[in-house]
Amino acid sequence: PEPVIQYIADRLKLNKSTVSRALNDFPNISEETKARGKKIAGELNYQPNNIAKGLNGKGIKVFALITPTLNPHVLPIIRGVTDACRKMGHALMLFPSDYWTDEVITFSNIRERWLVDGILIYNVIYRDDIEPNIQRLRNEKIPFVFINKLLGSKKAHTVSVDNHDAVHQTIQHLHSLG
């Protein structure tokens, strides 16, 4: 990317940092300069380096999914997360883990060793004693969401299905059919 940005800067008679800011839609760069830079970048099939953006704290468009070991019950979740990521222009890294303590360790390892914009934690283990672990996750300073983990009054972002209500609605529907 560096030689491409330098090439664009030379063609436009601009500084490399100005070209970089233009390609990244910085508000203090004129629309004309952005358009000129993007036109040449398009001609060169230039693609920004998401890893370099991540090193600058701009996000790299990668999410991590901590999931139980692969099995038929987990695959639809993985497929759904993958499809959603693809639609948003994000990539997905998969980290299998079987136990809640492994989830926390995996979470910390991801934070320390990988660049990701957020972590989704899917596990079928339900526990009441997770408050200290949730706090530990918060201390990592990276967004996280639990999938299919009923946390009750614990203050954490979760997405889950109310199976009891779903079955109740199903029975009501079948009953209404006759």
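Quick one: count up the residues across segment 9-36 that are of a type outside the set (Val, Ile, Thr) and crowded, with 16+ Cβ neighbours inside 10 Å.
Going through segment 9-36 one residue at a time, the tally reaches 9.
So, in segment 1-36, how many residues would count as being more than 29 Å from the chain's Cα centre (by Cα) and either among the aromatic types (Phe, Trp, Tyr) or not in a helix (DSSP H, G or I) (or both)?
5
Looking at segment 19-30 only, could you name the residues that are touching a residue at least 12 places away in the same chain (Cβ under 8 Å) and touching a helix residue (DSSP H, G or I) at 6+ places or on another chain (Cβ under 7 Å)?
The answer is Val19, Ser20, Ala22, Leu23.
Bear in mind that the values in this text are calculations on the coordinates, not laboratory data. Since the model is a prediction, treat every value here as computed from it, not as a measurement. Every residue, glycine among them, receives a Cβ derived from its backbone with ideal geometry; neighbour counts consider all protein chains shown.
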